[in-house]
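Visitor: Quick one: the structure is below, and I'll ask about it shortly.
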Amino acid sequence: MTGLAFYMDGFFSALLDGHHRATAACLEGQKINCLTIMKVNGYRFEKGKEISQIWAGGNSFAIDILKHKEKVTKLLLKHNEHCKQAMKGNKVDFPNDPNYPNPMTLDLVNQLNSKAKDYPDYLSAAYKPMLDDISFDRLNDLWDKHDDEALFEFEILLKILVSQNPEDTYTALKRIISDVNKREFWELAYNHLATFNNEEVEDIFINYLLDSQPDKHDKIRQLADEFLRNR
């Protein structure tokens, strides 16, 4: 019994297939093996000519274990030569792919990240049974309340509504980013607005960039840049 996973970072991998098997194993207190897709993020040369090891998922592997060793070696050698030429100041025509030499990985990562926004986080899932009323009327009731309990309920309720009714939440998200008293929820709102690929959201992000000061720590500006690049 195995699953299919994609390595993300640290100790985190996204399970792509085998969810029922993983659930059954968890209920029985057992482990489940996974075939894990990992991005190659480094490699080592022996005597400056032959690649002997690759690094992926925080681990080192002998290149001899690869089924397509020759194909991978050829690609990495080409990449290494490009890097050496670039370090010497020479103009190098790298392949037009921001994730080279892993051209198939970037699109999958983007797909996983975009799909992740469609699901509530673990806090939302955990606290959902504690909410008596999951509705937009309840969200409006909480709008002008600023005590810790109300703010916490507002955040959890918003995340649940976004995951259950993304289209219906669109108006509420726009209202949040126009309310300075809801600034602590702006990042959450902008993140979900970025899933709507339309001209109105494009204008919203352009206006944010125009109205805010450049700040490398501003995650909303980073999100706006990414959204506009993809448009």
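Visitor: Excluding Ile206 itself, calculate the net charge of residues whose Cβ lies under 13 Å from the Cβ of Ile206, where each Lys or Arg counts +1 and each Asp or Glu counts -1.
Guide: Local charge sum for Ile206: -3.
Visitor: A further question follows. Run the reach check for Lys219 against aspartates and glutamates, Cα to Cα strictly under 13 Å, same-chain hits fewer than 8 apart removed. What comes back?
Guide: Excluding near neighbours in sequence, the set is Glu184, Glu187.
Visitor: Multiplying the sequence separation of Ala62 and Leu75 by 0.36 nm and subtracting their Cα-Cα distance, what value in nm do you get?
Guide: This chain segment gains 3.1 nm when fully extended.
Visitor: Sticking with this one: Within 10 Å of each candidate Cβ there may be at most 10 other Cβ atoms; applying that plus a DSSP loop requirement, which GluC sites (Glu not before Pro) in region 13-61 survive?
Guide: Answer by residue number: Glu28.
Visitor: Still on this structure: For Lys128, list the aspartates and glutamates whose Cα falls under 15 Å from its own Cα; do not include residues on the same chain fewer than 8 positions away.
Guide: Of all the aspartates and glutamates, those that pass the test against Lys128 - Cα under 15 Å, at least 8 places apart if same chain - are Glu149, Glu153, Glu155.
Visitor: Going through region 187-224, which GluC sites (Glu not before Pro) have at most 16 other Cβ atoms within 10 Å and a DSSP loop state?
Guide: none
Visitor: Let me ask something else about it. Given axes a ≥ b ≥ c from the Cα gyration tensor, I'd like to know whether region 132-210 is rounded (a/c under 1.5), prolate (a/b larger than b/c) or oblate.
Guide: Note, shape of region 132-210 comes out oblate.
Visitor: On average, how much accessible surface per residue is there in region 18-87, in Å², for a 1.4 Å probe, leaving out ligands, DNA and RNA?
Guide: Counting only protein heavy atoms, the per-residue value for region 18-87 is 78 Å².
Visitor: Still on this structure, I have one more. Under the Karplus relation 6.51 cos²θ - 1.76 cosθ + 1.60, θ = phi - 60°, what is the ordered set of whole-Hz ³J(HN,Hα) values for region 176-192, x standing for Gly and Pro?
Guide: Calculated HN-Hα couplings, in order: 5, 6, 9, 10, 5, 6, 10, 4, 5, 9, 4, 4, 4, 5, 5, 4, 6 Hz.
Visitor: Next question, about the same structure. Under a point-charge model restricted to the Cβ atoms of Lys and Arg (+1) and Asp and Glu (-1), what is the dipole moment magnitude of region 1-55 relative to its Cα centre, in debye to the nearest 20?
Guide: 180 debye
Visitor: Right, next: For region 1-31, which chymotrypsin sites (Phe, Trp or Tyr not before Pro) pass both filters: DSSP loop (anything but H, G, I, E, B) and at most 15 other C-beta atoms within 10 Å?
Guide: The qualifying sites are Phe11.
The values are calculated or read from the model by the stated rules, or taken from the named source; none is laboratory data. This structure is a prediction, so every number in the text was calculated from the model and none was measured. Because the Cβ atoms are built from the backbone with ideal geometry, glycine has one as well, and the counts that use them run over all protein chains shown. These area figures cover heavy atoms from the full protein model, side chains too; ligands, DNA and RNA do not enter into them. Shrake-Rupley method; radii C 1.70, N 1.55, O 1.52, S 1.80 Å.
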